[in-house]
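Asks: Let me begin by handing over the structure; questions about it come next.
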Amino acid sequence: MNGKYLIIAALVAGFLTSSLFWFTRPSVDVNAIVAEVKSQVNKFGAVASPDIPSPYLQWGGVYVWSQSTTALNTASTTICALQSPAATSTLLLASVKLDVSSTSASTLTLAKATTAFATTTLLAENLSVAANNQATLVSSSTLVSGTRVFGPNNWVVASMSGGAGTFSPTGKCQATWIQN
């Protein structure tokens, strides 16, 4: 019988011990937890939309840089110039889209240069554009080897030539590089 009493005594002792922990557990201050979480939220770098204000993204150790402009220069032969990263990089895409070209027929050029006001190395074949017409010029994927490699702070330049009078295009220029 002693064994039976020992088992019952052990069960009662276990129940009393667990009851003691149950009734004396610390209280949780929900308001304090909520306040702590709110104070930490601003330390994270989340964005509230798919629009990312940075000119580059980096994942897996690879930097991808992009630029664009919808404010094309008027009364100039250089309608836009986009600067490459401050490191050697490879051009993935460059394009210029004209919603309205100009008041006279012209030629659209997309080139690479060391300054914002030159068209040294063609990135696409010149495109003839009729007066007040729409046009899109995209850098070719079959460029000569090395043409897509940009030195630090080089430029993609879109320019217009020919025609009479001043150029007054509207549209968009964009370029994307991968940093080497």
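Taken together, the values in this text are just the output of simple stated rules run on the coordinates, not laboratory data. Remember, it's a predicted structure, so these values are computed and weren't measured experimentally.
Asks: To the nearest Å, what is the center-to-center distance of the range 116-131 and the range 61-90, using C-alpha atoms only?
Replies: The two parts, judged by their Cα centres, are 15 Å apart.
Asks: Can you pull the percent of Cα pairs in the range 56-179 with separation above 20 Å?
Replies: Looking at the range 56-179, the distances longer than 20 Å represent 39 percent of pairs.
Asks: Can you tell me the relative contact order of the range 56-179? Whole percent, Cα pairs under 8 Å, sequence separation 6 or more.
Replies: Once normalised by length, the contact order is 45 percent.
Asks: Give me the number: length gained by fully extending Thr114 to Ser76, i.e. 0.36 nm times residue separation minus the C-alpha to C-alpha distance, one decimal in nm.
Replies: 11.8 nm
Asks: Further question: Apply the Karplus parameterisation 6.51 cos²θ - 1.76 cosθ + 1.60, with θ equal to phi minus 60°, to every residue of the range 73-79 and state each ³J(HN,Hα) to the nearest whole Hz, in sequence, with x for glycine and proline.
Replies: 6, 10, 6, 8, 7, 8, 8
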